[in-house]
1. Under the 0.36 nm per residue contour assumption, what length would be gained going from the current alpha-carbon distance of V86 and D101 to full extension?
2. Answer with a single label: of (i) 13.7; (ii) 12.2; (iii) 14.4, which was calculated as mean projected area of the Cα convex hull in nm² from the structure in view?
3. Considering only protein heavy atoms, what per residue accessible area in square angstrom results for region 124-269 with a 1.4 angstrom probe?
4. Share of the chain's accessible area from carbon and sulfur, percent, 1.4 Å?
5. Sorting T58, T143 by accessible area (1.4 Å probe), largest first, what list results?
6. Evaluate the Debye formula for region 153-242 with equal point scatterers sitting on the alpha carbons, no solvent, and hand back log10 of I(q)/I(0) at q = 0.15 Å⁻¹, in q order, two decimals.
7. Filter the DSSP H helices in the chain by two things, a Kyte-Doolittle mean of at least 1.0 and an axial alpha-carbon span of 18 angstrom or more, and list the hits by number.
8. Taking the Cα centroid of region 205-231 and of region 37-92, what is the distance between the two, rounded to the nearest whole Å?
Amino acid sequence: MGSGLAAVRRATAPAARLPLALAVLLVLAAVAYPLTGGGARDAVSWTIVLLGSAVSVTSAAAAHGARTGAAVLGTVAVTAVAFEAVGLGTGYPYGGYSYSDALGPTLLGVPFLVPLAWLMMAWPSRVLAALLTRRVRPDRQRTARVAVAAAVFAGWDVVLDPQLVQAGYWTWAHPAPGLPGIDTVPLTNLAGWLLAGLVLMTLLEAVVARTARADVPGTGAAPLLVIAWMVAGGALAHAVWLDLPGSAAWGAALSAVVLAVLAAQACRR
């Protein structure tokens, strides 16, 4: 059995390296974001989202097989379009908002870039949640992983949304009240992301359980690099270059919570 597992690891090593290479390219693109403007910044935004969505699909495939990678892509895309189309049409569950033409072609009013952004965020959120809940009792681990992944998913948007509102990609009809320090994004958006995250992460849990082959160790590095850089690195960019001190503070605080949990886990070994 040991030799068989070693053979699987060797066979999947190239696939595991691909998402890591894509993640490194994403980091380089993210570094360029605050240093650009206008059309160049729009191109960087597209590049980041395309690379991030590719990291998610290839990481899921490297960890659990090609069927899981394809299923993750389809599940996130359908869920994202459904939630966003309802949100645009009714104002629920996020609050009233509208997209600008800068995001390009749409489906049911939803720019193609949006479900790709969900995909960029979804798989890293699940991977980080699995890490944060690894000490939870086995009979409660699945529920804990879904809940924590939804919270991580929503927390990521706390940092990302003010940046993209600043870029002019969408606007909120009623941005107040918002989180302290963030006056461009309403609290209803956070509630909506928590709901959407719970639905999406429940679906992903079912998808992985149904399609996955045996988990391959070492495939979480790329999605973890993406989420670490986009939240902690994003907080730095917000503070230093983008004049978004509120979301910078929230990004730093959320990163500190994650690091504290990981440190506590390490101490209990």
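The values are calculated or read from the model by the stated rules, or taken from the named source; none is laboratory data. Remember, predicted model here, so these are calculated numbers, not experimental data. We place every Cβ from the backbone using ideal geometry, glycine too, and count neighbours over all the protein chains shown. Keep in mind that these areas ignore ligands, DNA and RNA; they rest on the heavy atoms of the full protein, side chains included. Shrake-Rupley method; radii C 1.70, N 1.55, O 1.52, S 1.80 Å.
1. Difference between extended and current length: 3.5 nm.
2. Recomputing mean projected area of the Cα convex hull in nm² here gives the entry labelled (iii).
3. 48 Å²
4. Of the solvent-accessible surface of the chain, carbon and sulfur hold 70 percent.
5. T143, T58
6. -0.73
7. 2-32, 66-90, 113-132, 187-211, 245-267
8. Their Cα centres are 15 Å away from one another.
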